[in-house]
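Q: Here it is, the structure in full.
The values are calculated or read from the model by the stated rules, or taken from the named source; none is laboratory data. Only a predicted model underlies this, so the values are computations on that prediction, with no experimental measurement involved. Here the Cβ positions follow ideal geometry from the backbone for every residue, glycine too, while neighbour counts run over all protein chains shown. Accessible surface is based on the protein model in full, side chains and every heavy atom, while ligands, DNA and RNA are left aside. Shrake-Rupley method; radii C 1.70, N 1.55, O 1.52, S 1.80 Å.
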Amino acid sequence: MRVGIIGLGYRLGYLARVFSVARDDFNIVGYVDPAPAGLPYATEHGVNVGKQYDSLEAMLDSEQLDLLMVGSPNHLHLGHIRIGLERGLKI
């Protein structure tokens, strides 16, 4: 499963670890976050979060995803979810 993350904060840094442990096929290929607060936690626990992208559109143009995890600030969720759904992704 190829996964992209928008908003790599503390919550998704933790969930990246949990899902990586729970599923052998869970593979994060990229993330979008200008200040990824959850990156140190994920890295410390051996989770590779892939390449950093400047925008959600750039990540979606470059990666073939099976799942988009949305951890951006709440007021941005709708826009990010809409973009993902328009691209045919599971959110």
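Q: What is the helix-to-structure angle for 10-22, meaning the angle in degrees between its Cα long axis and the longest Cα principal axis of the chain, kept from 0 to 90 and rounded to the nearest 10?
A: Result, in degrees: 70.
Q: Quick one: pull the percent of accessible area on the chain belonging to carbon and sulfur, 1.4 Å probe, ligands and nucleic acids left out.
A: Its accessible area is 52 percent carbon and sulfur atoms.
Q: What's log10 of I(q)/I(0) for the chain at q = 0.18, 0.26 Å⁻¹, Debye sum over Cα points only, no solvent?
A: Treating every Cα as an identical point scatterer, log10 I(q)/I(0) equals -0.70, -1.46.
Q: Here's another thing I want to ask about it. How many Å² of accessible area per residue for region 28-70, probe 1.4 Å?
A: That works out to 51 Å² per residue.
Q: Which value in nm describes the separation of the simple spin-label points at Leu76 and Asp24, placed 7 Å from the Cα toward the beta carbon?
A: In this crude spin-label approximation the distance works out to 3.5 nm.
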